[in-house]
Every structure is written in structure tokens, then in C-alpha cells.
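Asks: Mind having a look at this structure? Questions to follow.
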Amino acid sequence: MCKEKTPILESRHLNKVFTAPDGRPLYANNDISLKFYEGETLGIAGESGCGKSTLVRVLSLLEPPTDGELLLFGENVAGLKGEKKRKMRRHIQMVFQDPTDSFSPRMKVKDILCEPLENYGLIKPSEKAAKARELLKMVELPEEFAERYPRSMSGGQKQRVAIARALALEPEILICDEATSALDVSVQKSIVELLVKLQREKHTSIIFICHDVALIRSVSHRTAIMYLGFVVELAEGKKLGRGVCHPYTEALKSAVFSLDMDFEKEIESLDSEIPSPLERPTGCPFRNRCEKCMEICAAERPQLREVEKGHWIACHLYA
Amino acid sequence: MLDIQNITVAYHGQPFLQDFSLHMKRGEIISLVGESGSGKTTAIRSILGLLPQEGELVSGDILFEGKSLPEYSEKEMQKLRGSRISMIFQDSGAMLNPIRKIGSQYIEYIQKHEKLSHKAAEEKAVAMLEAMRLSEPERIMKSYGFQLSGGMRQRVGIAMAMTFEPELLLADEPTAALDVTTQAQIVRQMMELRKNHGTSIILVTHNLGVAAYMSDRIVVMQNGSIVEEGDRKTILEQPGCAYTRKLLAAVPNMYGEGYV
């Protein structure tokens with residue numbers, strides 16, 4: 001069904017390489033090709049250092065890719081600069097992990113909410129109060145909050161304001177970077193429900209970045225699993241975690257503590273540490289931590305292959 | 001072993017943790033679960049007398065092996081802390097001095113509690129790090145805290161806390177800042193502590209999955225009071241209280257229904 005649609009945003013063979021202080025190259029993102037569709041959530045899961053935050057910075061035009069294309073509405077925006085880039089950015093908005101750090105403590109909620117609109121000259125001062133009330137209503141907060149300061153609000157309320165601010169420009173793409181990770185579980189649930197509801201109303205394409213595979217799976221239409229700068233698996237909805245999967249996805253999955261797990265069984269975990277991206281292994285990035293490592297894994301880097309419809313895995317086991 | 005009797009803790013004179021009781025047997029693992037501000041951290045901090053300045057234990061008693069902890073002098077308390085009762089935190093690396101190497105801090109800590117030569121203390125520290133499955137313990141001893149990953153720092157923290165095989169380990173959100181696979185490592189190592197040394201553990205966490213996996217008993221807290229407690233099976237399968245049910249329902253499930 002998604003196949004016929006044209007993606008709003010698409011990355012083609014995107015690479016991002018930084019240079020470490022000692023001159024060695026740090027490969028943060030390698031050959032990332034992902035498509036983002038209207039009204040759909042693409043979840044990106046992975047642990048610290050897997051390159052998700054760099055990818056977010058590249059996708060949101062905060063950082064140019066080293067090479068590769070980034071197509072927004074079919075136009076390559078990877079090399080845009082200055083005013084053109086600024087204009088493009090309004091289509092991609094973000095919600096961050098910590099709402100406290102992403103608000104100025106000296107701005108009232110109404111000013112926070114209308115700032116993006118002011119940046120693009122889309123609002124008159126006289127319209128601000130009404131717009132703020134409308135945005136607060138959208139995220140199910142009382143209208144009186146417009147006159148408040150963020151410090152007097154709870155974490156969940158602040159995150160709602162952050163969502164309202166991000167949606168003020170009616171962006172086609174909303175990036176949630178660990179947007180629910182700092183919240184209590186019941187608050188997390190209500191924020192996720194709000195995002196899903198708003199997506200249905202506005203057909204926003206959501207990029208949901210999170211380290212919790214179980215949560216990602218429950219909110220995403222498709223999920224990408226990242227490891228050491230590579231996308232190692234890409235699966236449609238409920239396919240993730242069922243049937244075959246990448247050995248790293250298997251490790252992530254077995255490390256999830258859920259309430260329906262077998263409490264008598266010893267928890268499995270990878271004992272080794274994730275290698276530094278400065279010293280990534282040849283061949284498969286996961287090979288030195290993988291139980292199923294074969295000879296070919298050191299010699300050749302596995303490419304993403306479609307193992308069944310809508311389910312891609314980069315692993316020699318499924319070649 | 002540990003008997004907390006109806007303690008009430010006040011901040012700035014306002015009672016916050018109210019009428020909290022906990023009875024713990026040797027080798028037991030008990031979780032305190034609840035959301036931010038439910039009083040779970042206050043509860044375990046009051047055991048070691050580690051309340052912030054404005055906090056005060058206003059009533060109740062805490063008995064450890066039959067002795068009242070609030071009556072301990074500061075000197076007696078210092079002797080107890082880190083030897084018979086240890087604590088680990090969300091980021092144990094944060095308690096390390098950032099401008100001193102881990103080794104020198106670890107050795108100082110060992111020598112404070114035990115009369116050992118520098119060399120013997122160093123050997124003991126290295127052996128503990130090895131037992132925590134940290135590779136290259138000698139290199140870790142020569143490192144500064146910021147040079148290690150969060151998971152490694154946490155394992156250093158647990159190694160330090162376990163040096164004197166404490167009877168009771170207080171763990172305050174020990175895995176909250178960690179990645180999922182690292183969290184699984186730390187959980188497994190805490191379970192091994194009980195298996196190998198019979199350590200009792202009080203775990204404070206907002207992660208119900210971890211609490212359910214680790215604990216014999218679960219205490220659910222809200223707004224400074226216990227709202228429900230029971231063995232794991234009862235809490236998970238027949239929660240009596242609406243708040244417990246709400247918490248359980250909010251945990252994302254690997255195979256459950258999704259939102260989309």
C-alpha cells in the first residue's frame with residue numbers, strides 16, 4: 001500500500017563522516033536509504049552511539065550529509081544553504097527528550113508556542129493569544145496555560161507544549177527524538193496516544209526515535225534498527241520481532257523486560273561493549289558480538305535484502 | 001533483617017513520605033515502584049540517613065539486624081555505609097571524582113574500611129572489577145570516570161558497592177540511564193549477587209518490567225504512601241488497586257497490540 005505513494009522525505013545512500021581530533025574518520029551514518037511517507041510513523045531504534053541522533057540532525061537539515069541525497073518533496077535539499085535551507089526547515093519540526101531544556105524559562109507558554117510562526121512571519125502580534133489557545137486545545141491542555149511559564153508545569157504538560165510548538169507550523173514531518181523517554185510510564189502512554197491522534201488528524205509523517213524496541217514497535221508503521229551507523233533491519237509494523245530477524249534485533253528484543261516474559265528464564269544480554277565507531281569492524285558491523293558469526297561476515301559487508309515483503313535485513317544468514 | 005516501622009519523612013517540615021513500613025528477609029529482593037514524586041527514593045535514602053538537608057525523619061524507626069539505625073552516630077553510620085549496607089545510584093559514575101583516576105578512589109575506599117596495604121587493596125579492586133565482567137580491569141583503574149561508557153561506569157559502581165559483600169544493597173534506579181542491552185547486563189549481575197552472596201536488594205525503579213523480573217515482592221507507591229504491596233504474582237496478576245492497574249497497563253509490550 002505504501003509502495004505506490006511518493007515519499008515526502010527520502011534519504012538516498014546518505015553518509016555522514018566526522019573527523020576525530022586525531023584525524024581519523026568517524027563514520028556516524030553509513031549508506032542510509034529510508035523513505036518517509038505521509039501519515040506514517042517510521043520508528044528508529046538503536047542504542048547509544050548507533051548514529052540515530054546524527055541521522056536526526058541530517059534529516060532535519062541541521063547538518064549537511066557528507067554525501068548522498070536528501071529529497072524533500074522530490075527536491076534534493078542536502079546541499080541547501082542560507083535562506084533556502086531556512087525556508088525548507090519549516091516542513092520538518094522536532095520534539096526533544098527534555099522539554100525543560102528546550103524552552104526558555106523566561107518565555108511564557110504563548111510566546112513559546114508562537115515563536116516558530118513569528119520566525120517565518122506568519123503571525124501578527126494581535127493573533128498570538130488566539131493561536132496559543134488553539135494550539136493548547138489541540139494538545140488537550142487548558143487555555144489558561146498560555147499565560148504560564150514552563151517551570152510551573154509537569155513533565156508531561158511541558159512535552160505537550162513542545163508538541164504544540166512543533167506542530168504550530170503545520171510541518172509535514174515531525175521528528176520525535178526520545179520524546180517520551182524521560183517521562184513516567186503512564187504519562188508516556190498519554191503522550192504517545194496524543195501523537196497517534198494528531199497524526200490521524202493531520203497526516204503528519206512522524207519519525208520516532210527511541211531506544212525502547214517494545215515502545216517503537218507499538219507506535220510505528222515501519223521500524224528501522226540501527227547499529228554503529230548502519231540500518232541493519234527495516235520491517236513493516238508487527239513483523240518486527242516475529243519470525244526471522246537480525247541477530248542484533250534479537251539481542252535488543254531479548255533484553256526487553258516486559259510483564260509477560262518468563263521470569264524463571266535467565267535474562268540474556270550481550271556481554272561485550274559496543275565498539276567505537278572509530279574502530280568499526282570490517283565486514284558486518286555486528287560480527288564481533290554476534291554468536292552466529294561466519295567467515296564471510298569479516299570479509300564482506302552485508303547489504304539490506306528483502307527477506308519477505310516489506311522486511312529487509314542486512315545479514316549474511318539471510319543472503 | 002531490615003524492619004522499617006512506620007516512618008514519616010518531612011521536607012521543610014511538610015510530611016512527604018508517610019507511614020512507610022517494610023519488612024525484609026535475608027536474600028530477598030523487593031522493588032519500590034511508582035512514578036516521579038511517589039517517595040520511593042526518599043524511602044531508601046532514609047535507611048542510610050542520606051536524606052537531603054531539608055529532609056527529616058520525623059517518626060518511626062528503622063531496625064537493621066535488630067539495631068535502630070536512626071540512633072547510630074554519624075561515625076557508626078559511616079562504618080556501616082559501604083560495608084554492610086551499600087547503595088548504587090542512577091549514574092554511579094557521578095559519585096566518582098572526575099579529576100581523580102578510578103583506581104586511586106577505589107583503593108582509598110577499600111583502605112577506609114579495611115586495613116590493607118596499597119598493593120593488596122589494588123588487587124582486591126581489580127578482582128572485583130573482573131568479577132563484574134569488566135574487561136581490562138587494570139586499564140579501568142587507570143581511567144577517569146568520563147573515559148568509560150555509562151554501562152561500564154555503572155558496573156564500576158556496583159563493583160565498589162559489592163566490595164565488602166554487604167548484606168543489603170540499595171539500588172536507586174540503577175538502570176534508568178542505560179541502554180536496553182546494558183540494562184540486561186546490570187540486572188543479570190544484580191541477580192548473581194543474590195545467588196552467590198545471598199545479598200538482599202531493595203530496588204527503586206519506574207521500570208515495571210525490571211521490577212517484575214527481579215523482585216520477590218513489589219511495593220507500589222504513590223504520593224508518598226504505599227498503595228499496594230504483595231508478591232510478584234499477586235501484583236501482576238491480581239492487582240487490587242486502580243493505580244497499580246494503570247501502571248501495568250502503560251508498560252509497552254513486545255507482542256501486544258500497538259497504537260497503529
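The values are calculated or read from the model by the stated rules, or taken from the named source; none is laboratory data. It should be emphasised that the depicted structure is a prediction, and the values quoted were computed from it without experimental measurement. Backbone-built Cβ (ideal geometry, glycine too); neighbour counts: all protein chains shown.
Asks: Out of A:101, A:22, I need the residue that is out of contact with any Pro (no Cβ under 9 Å at 6 or more places or on another chain), farther than 23 Å from residue A:276 by Cβ and in a loop (DSSP other than H, G, I, E, B). Which one?
Replies: A:101
Asks: Given the conditions (1) more than 21 Å from residue B:39 (Cβ to Cβ); (2) crowded, with 23+ Cβ neighbours inside 10 Å; (3) among the small types (Gly, Ala, Ser), and given that residue B:211 satisfies all but one, which numbered condition is not satisfied?
Replies: That leaves (1) as the condition not met.
Asks: Any chance you could count how many residues in region A:195-221 are charged (D, E, K, R) and within 10 Å of chain B (Cβ to nearest Cβ)?
Replies: 4
Asks: For region A:167-279, which fully contained helices (runs of 4 or more DSSP H) count at least 2 residues that are surrounded by fewer than 23 Cβ atoms within 10 Å (Cβ to Cβ) and under 16 Å from the mean Cα position of the chain (by Cα)?
Replies: Once the helices (runs of 4 or more DSSP H) in region A:167-279 are filtered for at least 2 residues that are surrounded by fewer than 23 Cβ atoms within 10 Å (Cβ to Cβ) and under 16 Å from the mean Cα position of the chain (by Cα), what remains is A:185-202.
Asks: Would you please name the residue that is farthest from residue A:175 (Cα to Cα), looking only at residues in region A:203-241 that are free of Cβ contacts under 8 Å to residues at least 60 places away in the same chain and not hydroxyl-bearing (Ser, Thr, Tyr)?
Replies: A:241
Asks: Which of the residues spanning region B:8-40 are among the β-branched types (Val, Ile, Thr) and over 20 Å from residue B:205 (Cα atoms)?
Replies: If the condition is that a residue be among the β-branched types (Val, Ile, Thr) and over 20 Å from residue B:205 (Cα atoms), then B:8 is the only one that fits.
Asks: A further question follows. Sort out for me the helices (runs of 4 or more DSSP H) sitting completely within region B:205-260 that have 2 or more residues that are more than 7 Å from chain A (Cβ to nearest Cβ) and closer than 30 Å to residue B:195 by Cα.
Replies: Counting at least 2 such residues, we get B:208-214, B:232-237.
Asks: I would also like to ask the following. Within region A:38-57, count every residue that is within 14 Å of chain B (Cβ to nearest Cβ), aliphatic (A, V, I, L, M) and out of contact with any Phe, Trp or Tyr (no Cβ under 8 Å at 6 or more places or on another chain).
Replies: Number satisfying all stated conditions: 1.
Asks: Count, please, the residues in region A:302-313 that happen to be more than 20 Å from the chain's Cα centre (by Cα) and buried (at least 17 other Cβ atoms within 10 Å of the Cβ).
Replies: Of the residues in region A:302-313, 2 are more than 20 Å from the chain's Cα centre (by Cα) and buried (at least 17 other Cβ atoms within 10 Å of the Cβ).
Asks: Residues in region B:214-226: is at least one among the hydroxyl-bearing types (Ser, Thr, Tyr), surrounded by 18 or more Cβ atoms within 10 Å (Cβ to Cβ) and in contact (Cβ under 8 Å) with a residue 24 or more places away in the chain?
Replies: Yes, the conditions are met somewhere in region B:214-226.
Asks: Here's a follow-up. Being crowded, with 19+ Cβ neighbours inside 10 Å, hydrophobic (A, V, I, L, M, F, W, C) and more than 27 Å from residue B:205 (Cα to Cα) is true for just one of B:125, B:43, B:120. Which residue is that?
Replies: Answer to the check: B:125.
Asks: Also, quick follow-up: Please determine, by comparing only the residues of region A:30-45 that are within 9 Å of the chain's Cα centre (by Cα) and among the aliphatic types (A, V, I, L, M), which one is surrounded by the fewest Cβ atoms within 10 Å (Cβ to Cβ).
Replies: The qualifying residue surrounded by the fewest Cβ atoms within 10 Å (Cβ to Cβ) is A:42.
Asks: With respect to the numbered conditions (1) within 17 Å of residue A:209 (Cα to Cα); (2) in a strand (DSSP E or B); (3) touching a residue at least 40 places away in the same chain (Cβ under 8 Å), which one is the sole condition not fulfilled by residue A:31?
Replies: (1)
Asks: Using beta carbons and a limit of 7 Å, which pairs, at least six apart or on different chains, have the first residue in region A:81-109 and free of Cβ contacts under 8 Å to residues at least 60 places away in the same chain and surrounded by fewer than 17 Cβ atoms within 10 Å (Cβ to Cβ) and the second one in a helix (DSSP H, G or I) and among the acidic types (Asp, Glu)?
Replies: So the pair list comes out as A:108/A:147.
Asks: Please determine whether any residue of region B:85-106 is at pLDDT 90 or above and more than 18 Å from residue B:156 (Cβ to Cβ).
Replies: yes
Asks: Scan (1) assigned to a loop (DSSP other than H, G, I, E, B); (2) within 12 Å of another protein chain (Cβ to nearest Cβ) for the single condition residue B:186 breaks and write down its number.
Replies: With (1) assigned to a loop (DSSP other than H, G, I, E, B); (2) within 12 Å of another protein chain (Cβ to nearest Cβ) applied to residue B:186, the lone miss is (1).
Asks: Of all residues in region B:140-162, count the ones that are surrounded by fewer than 23 Cβ atoms within 10 Å (Cβ to Cβ) and either in a strand (DSSP E or B) or touching a Phe, Trp or Tyr at 6+ places or on another chain (Cβ under 9 Å) (or both).
Replies: Of the residues in that region, 1 qualify.
Asks: What residue, among those in region B:213-260 that are over 23 Å from the mean Cα position of the chain (by Cα) and β-branched (Val, Ile, Thr), is modelled with the highest pLDDT?
Replies: So, considering only residues that are over 23 Å from the mean Cα position of the chain (by Cα) and β-branched (Val, Ile, Thr), the one modelled with the highest pLDDT is B:234.
Asks: Could you grab me the full set of residues in region B:1-51 that are under 20 Å from residue B:73 (Cβ atoms) and part of a loop (DSSP other than H, G, I, E, B)?
Replies: Scanning region B:1-51 gives B:48, B:49, B:50, B:51.
Asks: Run down B:210, B:204, B:251, B:187 and say which single residue is among the β-branched types (Val, Ile, Thr), farther than 30 Å from residue A:239 by Cβ and touching a residue at least 12 places away in the same chain (Cβ under 8 Å).
Replies: Of B:210, B:204, B:251, B:187, the one residue that is among the β-branched types (Val, Ile, Thr), farther than 30 Å from residue A:239 by Cβ and touching a residue at least 12 places away in the same chain (Cβ under 8 Å) is B:204.
Asks: Go through B:167, B:173, B:192 for me and flag whichever is surrounded by fewer than 21 Cβ atoms within 10 Å (Cβ to Cβ), touching a Ser or Thr at 6+ places or on another chain (Cβ under 8 Å), within 14 Å of another protein chain (Cβ to nearest Cβ) and under 27 Å from residue B:80 (Cβ atoms).
Replies: The conditions single out B:173.
Asks: Among the numbered conditions (1) in a loop (DSSP other than H, G, I, E, B); (2) touching a residue at least 60 places away in the same chain (Cβ under 8 Å); (3) away from chain B (no Cβ under 14 Å), tell me where residue A:312 comes up short.
Replies: (1)
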